[in-house]
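See below for the structure under consideration.
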Amino acid sequence: MDAAELLDGLRAIAREGLDYADNPYDRARYQRLAELVERAYSDLTGLPAEVVSERFRLDLGAPTAKVGTTAVVPDGNGRVLLQRRADDGRWGLPGGWLDPGELPEEGVVREVAEETGVTVEVERLTDVRGRRASLPAAPHSQVGLTYLCRVVSGQPRADHESLEVAWKHPAEVAEWHADHGERVRATLGRAP
C-alpha cells in the first residue's frame, strides 16, 4: 500500500472519529491520530506542519474523493481545445475541481471559460476515472469526469494556469498531462 493511500484512510478515520466521538478520551485519541497523520504528510511532502494543518483545517467535513471535470471540445476539423499547462508544461484538457455546491456540468463550463476564454455547452458525459491518493501532488483520492462539449462563443486565450491555449490535432501532441490523451481517446473514439 502506498503511503499516501494509508494516510488518506487514517485521516478519514481521525476526522470521522472527531465528528462522532462522544467521550473526551476517544476525542483525544482521534485528535492524536489526526496530528500524527499531519506530521507524516509534512515529512512526506516537505511542507511545514503548520501549512499541512491549515490545509486540512480548511477541508470541511469527512475527507472524501475530490471530484474534477475536464472538457473535450472539438472544433469540427479534427482539433480539440487544449491548454499547455503552467504546472508541468504539457498539453491537457481544460478543467478543474468542482466548487462546493456546484454540479459537475456547471463546473466544467466554468473551468473551460476561466482557463480558455471559450464558453461551452455540455453535450454528454463520456468518461469517468478514479485515482488513488499519491504524494506529493494529491493527498486524497480523486474522481475525474470528462464531458464532450461544444463551443457557444469566445476565442481561446491563456490565463494564469496556462502557458498557451490552442486548437490542436490530438495526434500532434507529444506530451499529455496525466491521462488526458486517454480521455480524448475515450471521448472521440480514436487514438490521440
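None of the figures in this text is laboratory data; all of them are computed from the coordinates on show. In this text the structure is predicted, and so the values were computed from the model without any measurement. Neighbour counts are summed over all protein chains in view; Cβ atoms, including those assigned to glycine, are modelled from backbone coordinates with ideal geometry.
Worth a mention:
- Between ALA3 and ASP88, the contour length at 0.36 nm per residue exceeds the alpha carbon distance by 28.3 nm.
- Among residues other than ARG79 with Cβ under 10 Å from its Cβ, the summed charge is -1 (Lys and Arg +1, Asp and Glu -1).
- Distance histogram for the stretch 1-46 (every C-alpha pair counted, 10 angstrom bins, percent rounded to whole numbers): 30, 49, 19, 2
- Put a plus charge on the Cβ of each Lys and Arg, a minus charge on the Cβ of each Asp and Glu, and nothing anywhere else: the dipole of the stretch 3-58 about its Cα centre is then about 80 debye.
- Here the Kirkwood formula, the inverse mean of 1/r across different C-alpha pairs, assigns the chain a hydrodynamic radius of 18.3 Å.
- Leading residue at positive end of dipole, the chain (Cβ point charges), from PRO170, TYR41, ALA138: PRO170
- By the count of neighbouring beta-carbon atoms within 10 Å, fewest first, LEU44, LEU58 end up ordered LEU58, LEU44.
- Under 5 Å between amide hydrogens, built in the peptide plane, is the criterion, and for VAL67 it picks out LEU98, VAL143 among residues at least 5 positions away or on other chains.
- Gain on full stretching of the segment that runs from ALA158 to ALA174 - 0.36 nm per residue minus C-alpha separation: 3.8 nm
- Helix screen, the chain: DSSP H segments with Cα axial length of 27 Å or more and mean Kyte-Doolittle hydropathy at least -1.0 are 24-45.
- Largest GNM mean-square fluctuation across VAL173, VAL120, VAL73, computed for the chain with C-alpha springs under 10 Å, falls on VAL173.
- Across the options VAL112, TYR20, GLY189, the greatest Cα extent toward the positive end of the charge dipole of the chain (unit charges at beta carbon of Lys, Arg, Asp, Glu) belongs to GLY189.
- Per-residue ellipticity at 222 nm computed for the chain from its helices equals -12000 deg cm²/dmol, with DSSP H segments shorter than 4 residues left out and the rest contributing -39,500 (n - 2.57).
- Residue range of the chain that is longest and free of trypsin sites (Lys or Arg not before Pro) which are both DSSP loop and sparsely packed (at most 15 other C-beta within 10 Å): 1-78
- Charge tally in the Cβ shell below 10 Å around GLU121, where Lys, Arg are +1 and Asp, Glu are -1, GLU121 excluded: -1
- Residues THR146, THR126, sorted so that the one with the fewest Cβ neighbours within 10 Å comes first: THR126, THR146
- Seen from ARG15, the other residues with C-beta closer than 14 Å to its C-beta sum to a net charge of -1, counting Lys and Arg as +1 and Asp and Glu as -1.
- A simple charge model with +1 on the Cβ of Lys and Arg, -1 on the Cβ of Asp and Glu and nothing else charged puts the dipole of the chain at about 420 debye relative to its Cα centre.
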